[in-house]
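Shown next, in structure tokens, is the structure this report addresses.
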Amino acid sequence: MRNLYLIIIFIVLTTISFFAPINIDVNSASIFLTVSTFIFAILAGFFISRQNNRYNNIRSTISEFDGNISAIYRSFETLSVEAQEKAGKIIKAHYNKILKVGKWDFHFTHKSSTITSLGNLLAETGGDQNYPSIKNETSSNMIASLDNLQVARKRMVSLQIERMPGGEWVLVIFLAFLLLVSLLLIPSYGLIIDSVMKGIFGALIIQVMILLYELDTLKLFESTLGESSAKDILDIIKGKR
């Protein structure tokens, strides 16, 4: 769908450039284009860099969170098969909800008891029992993993709210509009090559905006951030991994 939009934009800009007579001095058009390009490149580059770092940090933290979830689930098998089945139900409910609504941050924006339920299940399973050394060590590792889940969750919550505010979006969109107008001001009436190049450059400007939007909404590589990792956890519970 994104590629279709870019193709349409390219065709529209090329058509306008070819058929619309522009009566403006080339030097003036070049100055407008240079200034708008310079400002747009600086701001767009800054925002893309910032959102890309946020995107990578969230992906890394989600992997850490899911890794601890996987470790806890596998460790329950050492303590009790029945407890592992109960843990599987808790974890499946957590990830199935994320995949169903298509929002990686659903459990941050809505009340969630996943970590608490797993902690209670561990306490219920272990109780005051004195385990052999291997089970005792496993229980200690599971408690550490639960603590790590809380830390990872807090980190994701703080990263989740670091989206571009409305004011920054207005500024970038306005600059992109000025850049497109400046590009169209360059005379190309009846010149097919010049018109095509202007269409390509215009489509690339829009592509930059789309890239920034997908980084800001965390949908650059997956429709739902962490979708592949969530499916991997569910496959582990199903015994496929």
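The values are calculated or read from the model by the stated rules, or taken from the named source; none is laboratory data. Bear in mind that the values here come from a model prediction, so they are computed numbers and not experimental data. Here the Cβ is made from the backbone with ideal geometry for all residues, glycine too, and neighbour counts use every protein chain on show.
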Fill in the blank from the handout: Those residues of segment 188-219 which are more than 30 Å from Asn56 (Cβ to Cβ), crowded, with 16+ Cβ neighbours inside 10 Å, out of contact with any Phe, Trp or Tyr (no Cβ under 8 Å at 6 or more places or on another chain) and of a type outside the set (D, E, K, R) amount to Val196, Met197
Practice task
Please specify each residue of segment 26-56 satisfying the condition of being modelled with pLDDT of 90 or more and under 17 Å from Gly199 (Cα atoms).
Solution key: none
Exercise for the section: Would you check if Glu162 is touching a helix residue (DSSP H, G or I) at 6+ places or on another chain (Cβ under 7 Å) and surrounded by fewer than 16 Cβ atoms within 10 Å (Cβ to Cβ)? Expected result: yes
Problem - Wholly enclosed helices (runs of 4 or more DSSP H) of segment 102-186 bearing at least 1 residues out of contact with any Pro (no Cβ under 6 Å at 6 or more places or on another chain), touching a residue at least 60 places away in the same chain (Cβ under 8 Å) and charged (D, E, K, R) - result: 133-160, 166-185
Fill in the blank from the handout: The number of residues in segment 221-230 that are touching a residue at least 60 places away in the same chain (Cβ under 8 Å) and surrounded by fewer than 16 Cβ atoms within 10 Å (Cβ to Cβ) is 1
Fill in the blank from the handout: Counting only residues in segment 195-230 that are out of contact with any helix residue (DSSP H, G or I) (no Cβ under 7 Å at 6 or more places or on another chain) and charged (D, E, K, R), the one farthest from Tyr73 (Cα to Cα) is identified as Glu214
Exercise for the section: Could you list, in sequence order, all residues of segment 1-25 that are of a type in the set (S, T, N, Q) and either at pLDDT 70 or above or outside any loop (DSSP other than H, G, I, E, B) (or both)? Expected result: Asn3, Thr14, Thr15, Ser17
Practice task
Check Leu178 against each of (1) of a type in the set (A, V, I, L, M); (2) more than 31 Å from the chain's Cα centre (by Cα); (3) closer than 20 Å to Ile42 by Cβ and name the one condition it does not meet.
Solution key: (2)
